[in-house]
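The values are calculated or read from the model by the stated rules, or taken from the named source; none is laboratory data. This structure is a prediction, so every number in the text was calculated from the model and none was measured. Here Cβ is always computed from backbone atoms with ideal geometry, including for glycine, and neighbour counts include all displayed protein chains. Heavy atoms of the whole protein, side chains included, go into the accessibility calculation; ligands, DNA and RNA do not. Shrake-Rupley method; radii C 1.70, N 1.55, O 1.52, S 1.80 Å.
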Amino acid sequence: MKTSKTFKILIWQCKAKAKKEQAPIYARITFNGQRAEISTGVSYPISEWDSKMSRAIGRTAEARAFNQELDYVKAQIDTTYKELLKEGKYINARSVKARYLGTDNHGTTLLDLVKYHEDKMKDILEHGTMKNYYTTEKYLKAFLIAKLNINDIYLEQMNYSFIIGFEQFLRNPKNALSKKTINNNGVMKHIERTNKLMNLAVKLEWIPKNPFINYQLKFIKYDRAYLSESELYRLETVTIKKQNLSISRDMFVFACYTGLSYIDVKQLTQENLVFGIDGKQWLSLRREKSEQPVKVPLLGKALMILEKYQEYKITDKLLPVYSNQKINAYIREVAKICEIDKHISFHVARHTFATTVTLSNGVPIETVSKLLGHTKLSTTQIYARVLEDKMSNDISMLEQKLGALKRNSV
C-alpha cells in the first residue's frame, strides 16, 4: 500500500463557522477517497490565513507558533496511520480519526468475536453446525487478507460495503477453498452465519447496531431431486454386469431404504447392527454431521443388501462403499442405463427415502424426522415432500368420508 497515493492530510479553515472574523481550523483525513475531519479546537483570523498553503500568514512569533502546532497535529495523525498499518488492521478515514482521538476499540475485533462464539457455543450447537462456522471463519480470514490486506478488523469498522465485498469474494470461483464452487445458497449461508455473529456482538454490547440491518439474504428455492416409485424400481431391478456399478447401485438402494447419508453408510460396522424393541434388526448410530443419535428399523430390501455383502471381510465395515466422488460417478452411469433423466448423487437416496419410501406411503412426518435424525421438524419439511398422487389419494379418502357422513345424516 503506497501512502502517498492513498493517504492525505489537509489543514483547512471552515469559514462557514466563522465568528467575529475568526474561523475554526480542521484537519481533513482522506483515505482512498473517503474523508473524515478532526477539529483542532482552535480558531484563527480569516484575514491572516493562507488557504492555498494551509498556513497562518506572516513571520510573527504567534504565526510561527500556530504553524508549528498544526505541523505537530499532522505528524501525530500520520504516526497514527502508520501504527494501524503496522498492526495490520483495517484502515479507512474513520479508523484513523478514531485512533487519533482515542475512541477506537482495541478489544473487540471480528476474530475476537469468532473465537468467543466458538468457545461459548461448541458444547451447545450441533457438531455439524460448528463445522459450518469453522468454514465461514476460514473464508472470512481469506477475505480479510486477499481483499483488504489485513489480518483482522474492528467490529465497529464493519459496514455494508464490507458485507457486499465479502459476498462478491465468496461468489468468485477462484476463492473457493475446495474444488467445488460455492453456489448462491452456499454464499448466503456464509453471510447468514456472519450476520448471526454480528447479532451476538450487538447482544454483548460490543457494537451499537448490526451492519447487516439493511442486507437482504437471497436464497433460491430448489426442487430437491428424488426418485419416483417407478424410477426406484427400475434402478433396483436393472441387470448390471460391471461390478463397480453394481456395488454402487446396491449402496444407493440401501440408502433409499434407510435414509442414511453417504458418510453414515460408509462408516457402518457390525456394532451398529442391533435388535430393536420389536425383536427385529435395526441400525443404531450417531449421524456424522450432527452427532444426533438415530435408530432405523431395517426394511426387507435393506436387509437383503446387508445379507448380500455379509462375506465382505476386507475391513470391519458392513458395506463396501467407494469414495464419494467415485460412487456419485458410478450412480450417474447406472441412472443413464435406467434412462433416469435426473441429476443423481448419493444424497438423492436420502430424499427418496423421505418422499417415495416413507411419506408417500403414509408414514407420519414426525416419524420420518426421527428416522432422518433431524432435530427440527422444519428441516424434514425441506427435505421431504408430499407427492401429488398421495395428495390425490388423501383427498379421495376425505371425500368418501364426507360422503359417508352425509348419507348417515339423512
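Can you say whether Glu21 is at negative phi and not polar (S, T, N, Q), as far as the supplied structure shows? So that I can check it myself, show each step before the final result.
On the way: at negative phi: no; not polar (S, T, N, Q): yes.
Here the answer is no, as Glu21 does not meet what is asked.
For Ala225, work out the one condition from (1) surrounded by fewer than 16 Cβ atoms within 10 Å (Cβ to Cβ); (2) farther than 25 Å from Ala354 by Cα; (3) of a type in the set (A, V, I, L, M, F, W, C) it doesn't fulfil.
Just one mismatch for Ala225, condition (2).
Would you mind finding the one in Val334, Val368, Val348, Val357 that is under 14 Å from Ser230 (Cα atoms), among the aliphatic types (A, V, I, L, M) and either assigned to a helix (DSSP H, G or I) or touching a strand residue (DSSP E or B) at 6+ places or on another chain (Cβ under 6 Å) (or both)?
Just a single option satisfies the conditions, and that option is Val357.
Given the stretch 41-123, what helices (runs of 4 or more DSSP H) lie entirely inside it while holding 2 or more residues that are open to solvent by 50 Å² or more (accessible area, probe 1.4 Å) and of a type in the set (Ser, Thr, Tyr)?
Helices (runs of 4 or more DSSP H) meeting the threshold: 61-87.
Of all residues being within 26 Å of the chain's Cα centre (by Cα) and free of Cβ contacts under 8 Å to residues at least 40 places away in the same chain in the stretch 264-287, which is least open to solvent (accessible area, probe 1.4 Å)? Just the residue, please.
Here the answer is Asp264.
Among (1) in contact (Cβ under 8 Å) with a residue 60 or more places away in the chain; (2) surrounded by fewer than 14 Cβ atoms within 10 Å (Cβ to Cβ), where does Val296 come up short?
(2)
Suppose we filter Ile305, Ile240, Ile213 for residues that are outside any loop (DSSP other than H, G, I, E, B), of a type in the set (Val, Ile, Thr) and surrounded by 15 or more Cβ atoms within 10 Å (Cβ to Cβ); which single one remains?
Only one candidate passes the filter, namely Ile305.
Please find, within the stretch 1-40, the residue that is nearest to Asp78 (Cα to Cα) out of those that are in a strand (DSSP E or B) and among the hydroxyl-bearing types (Ser, Thr, Tyr). Working first, answer last.
Residues of the stretch 1-40 that are in a strand (DSSP E or B), as a first pass: 7-13, 19, 22-31, 34-40.
Narrowing the set further to residues that are among the hydroxyl-bearing types (Ser, Thr, Tyr) leaves 26, 30, 39-40.
Values: Tyr26: 15, Thr30: 12, Ser39: 16, Thr40: 15 Å.
Among them, the one singled out is Thr30.
Scan the stretch 273-302 residue by residue and report those that are of a type in the set (Asp, Glu) and either outside any loop (DSSP other than H, G, I, E, B) or under 15 Å from Leu260 (Cβ atoms) (or both). If you could, list the steps in order and put the result at the bottom.
Narrowing the stretch 273-302 to residues of a type in the set (Asp, Glu): 278, 288, 291.
Answer for the stretch 273-302, where residues must be of a type in the set (Asp, Glu) and either outside any loop (DSSP other than H, G, I, E, B) or under 15 Å from Leu260 (Cβ atoms) (or both): Glu288, Glu291.
Tell me which of these Glu192 doesn't satisfy, since it passes every other one: (1) more than 10 Å from the chain's Cα centre (by Cα); (2) open to solvent by 20 Å² or more (accessible area, probe 1.4 Å); (3) at negative phi.
The single condition Glu192 does not satisfy is (1).
Please state which of the following conditions Asp341 fails to meet, knowing it meets all the rest: (1) in a loop (DSSP other than H, G, I, E, B); (2) of a type in the set (D, E, K, R); (3) modelled with pLDDT of 95 or more.
With respect to (1) in a loop (DSSP other than H, G, I, E, B); (2) of a type in the set (D, E, K, R); (3) modelled with pLDDT of 95 or more, Asp341 is out only on (3).
Being among the aliphatic types (A, V, I, L, M) and in a loop (DSSP other than H, G, I, E, B) is the filter; apply it to the stretch 133-159 and report the residue that is nearest to Leu110 (Cα to Cα).
Ile153
Which pairs turn up if I take residues in the stretch 220-234 that are closer than 26 Å to Lys189 by Cβ and look for partners that are among the basic types (Lys, Arg) and surrounded by 14 or more Cβ atoms within 10 Å (Cβ to Cβ) with beta carbon separation below 9 Å, at least 6 apart in sequence or on another chain?
Asp223/Arg385; Arg224/Arg385; Tyr226/Arg350; Tyr226/Arg385
Which one is farthest from Gln381 (Cα to Cα) among residues in the stretch 243-272 that are assigned to a helix (DSSP H, G or I) and among the small types (Gly, Ala, Ser)?
Ser246
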